[in-house]
Amino acid sequence: MEQLIQRIKQEFEDRFGEEYNLIKSPGRVNLIGEHTDYNDGFVLPAAVDKAIYLAINVNGTNTCRFYAIDKEEEFETDISDSIEKSGQGWPNYLLGVVDQLNKSGYDVSGFDCVFGGNVPIGAGMSSSAALEGGVLFGLAKLHGWEVPPVEMAKIAQKAENEFVGVQCGIMDQFASLNGKEGYALKLDCRTLDYEYFPFNRDDLQIVLCDTQVRRELASSEYNVRRKQCEQGIETLQQWDSDIASLRDVELRFLLSHEEDMDPIIFKRCKFVVEENKRVVQACEDLHKGDLKSFGQRMYQSHAGLQLEYEVSCEELNVLVSITRDLEGVFGARMMGGGFGGCTINLVQEEHVESFADQIKEQYHKQLGKEIKIYQTKVSAGTDLVKQSELASK
Ligand code: GLA
């Protein structure tokens, strides 16, 4: 990682000058609580040690100049008038933040930014949220703005919703900005109250298996699921007008109206109601140190995502099912929006190596394809890069 940071520093110095802030903005995992954030529910993500690094400084003009080191692409635009979306794609994550800051009453002036990182793109580890949060944090630092943590997450999410045009919930931006080393973060997506749960056992590893499947389908189907949840609420409101979101729905109440509902909408709602409950129970498991029970809930979450919410795919299902016969695995499930990306696996430290070997081998045997494996550590949220990470030049 040191090498990447040095490259970013060098690139910035060559292009824009010696003065800048260096920011680290992490990707995230989600232990449990999928597709619950936009239903006002609970999630249990954590920031991890894969991150986007940014060198950033204001330049005293109205021009923004960006350089994406991994793509070796540059971008430049004037921000004195309204900010236009770029056909280049990636600049929109930075421009969206500028646009949203302006709309929130912060006056952004021109700045330069070089960035790159090791959060795999499209793998469900929120590389886009990491980039948005990093730019936002960097600009706030440079301008001396005191933006409260919850506000930061809201601005970054809005940048993605309104400028990039992806209707995501708040989990990714919140976790990336507000993660804490050694802790998972239980977030109530209705009130945005949050609580840290210790997650730093030496005997445990979070292992991600990346199918390397990247589906276009993901964002359109994501929006379809959001609509289906809204439809479910509308139907259920006929019997209880106090229901504002699926968060308010009791399983018993939902089951009593199965006959009155479209079967697909019913399945979607049932998953969300149960998943919400699972997050709360999983946090109790963590409290008690009961990883066995925690892991079982991960498997239940996967089954719901596969069969009821229908956002999984064959590759993810095969990966999860292989783990059932492997030693030292507490739980596994698909992670993030779905239709590709990674599974998250809780594995006993002493079995991690054999886990990796066996899952690769069996996956290849069953599907003839390769996976990538990432071992992750639960890390701090977006911040200035620590001196210790900058050791040598
Ligand atoms: C994507 C979105 C999140 C969340 C997950 C599903 O990662 O960005 O807001 O909805 O999918 O849990």
Select, from Lys186, Lys180, Lys154, the only residue that is over 20 Å from Ile83 (Cα atoms), in contact (Cβ under 8 Å) with a residue 12 or more places away in the chain, open to solvent by 20 Å² or more (accessible area, probe 1.4 Å) and out of contact with any helix residue (DSSP H, G or I) (no Cβ under 7 Å at 6 or more places or on another chain).
Lys180
Give the residues of segment 204-227 that are modelled with pLDDT under 95 and open to solvent by 70 Å² or more (accessible area, probe 1.4 Å), sorted by residue number.
Arg214, Arg215, Glu216, Leu217
Are any of the residues in segment 236-246 surrounded by 16 or more Cβ atoms within 10 Å (Cβ to Cβ) and away from the ligand (no atom under 16 Å from the Cβ)?
yes
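Of Gln173, Gln228, which residue is under 17 Å from the mean Cα position of the chain (by Cα), within 14 Å of the ligand (Cβ to nearest atom) and assigned to a helix (DSSP H, G or I)?
Going through Gln173, Gln228 in turn, just one is under 17 Å from the mean Cα position of the chain (by Cα), within 14 Å of the ligand (Cβ to nearest atom) and assigned to a helix (DSSP H, G or I): Gln173.
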Which condition number in (1) in contact with a Gly (Cβ under 7 Å, 6 or more places away or on another chain); (2) within 14 Å of the ligand (Cβ to nearest atom); (3) in a loop (DSSP other than H, G, I, E, B) is the one that Asn200 fails?
(2)
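For Cys313, state whether it is more than 17 Å from Gly337 (Cβ to Cβ), outside the structural domain of Tyr183 (by TED's automatic domain parsing) and hydrophobic (A, V, I, L, M, F, W, C).
Considered against the rule, which asks whether it is more than 17 Å from Gly337 (Cβ to Cβ), outside the structural domain of Tyr183 (by TED's automatic domain parsing) and hydrophobic (A, V, I, L, M, F, W, C), Cys313 comes out as no.
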Here are Gly96, Gly41: which of them is closer than 30 Å to Met298 by Cα and buried (at least 17 other Cβ atoms within 10 Å of the Cβ)?
Gly41
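Within segment 33-86, how many residues are away from the ligand (no atom under 16 Å from the Cβ) and not hydrophobic (A, V, I, L, M, F, W, C)?
24
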Is it the case that some residue within segment 109-118 is farther than 24 Å from Lys71 by Cβ and in contact with a strand residue (DSSP E or B) (Cβ under 7 Å, 6 or more places away or on another chain)?
yes
Looking at Leu187, Leu192, Leu246, Leu254, can you tell me which residue is outside the structural domain of Met171 (by TED's automatic domain parsing), under 30 Å from Pro148 (Cα atoms) and at pLDDT 95 or above?
Leu246
Of the residues that make up segment 252-272, is at least one open to solvent by less than 20 Å² (accessible area, probe 1.4 Å), among the acidic types (Asp, Glu) and part of a helix (DSSP H, G or I)?
no
Checking Tyr53 against (1) open to solvent by less than 10 Å² (accessible area, probe 1.4 Å); (2) farther than 15 Å from Phe16 by Cα; (3) out of contact with any Gly (no Cβ under 8 Å at 6 or more places or on another chain), which single condition isn't satisfied?
(3)
May I ask you to verify whether Lys50 is in the same structural domain as Ile170 (by TED's automatic domain parsing) and in a strand (DSSP E or B)?
yes
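The values are calculated or read from the model by the stated rules, or taken from the named source; none is laboratory data. These numbers were taken from a predicted model, which means no experiment stands behind them. When we count neighbours, we look across all protein chains shown, and the Cβ atoms used for this are built from the backbone with ideal geometry, even at glycine. These accessible areas exclude ligands, DNA and RNA; they are computed on the full protein's heavy atoms, side chains included. Shrake-Rupley method; radii C 1.70, N 1.55, O 1.52, S 1.80 Å.
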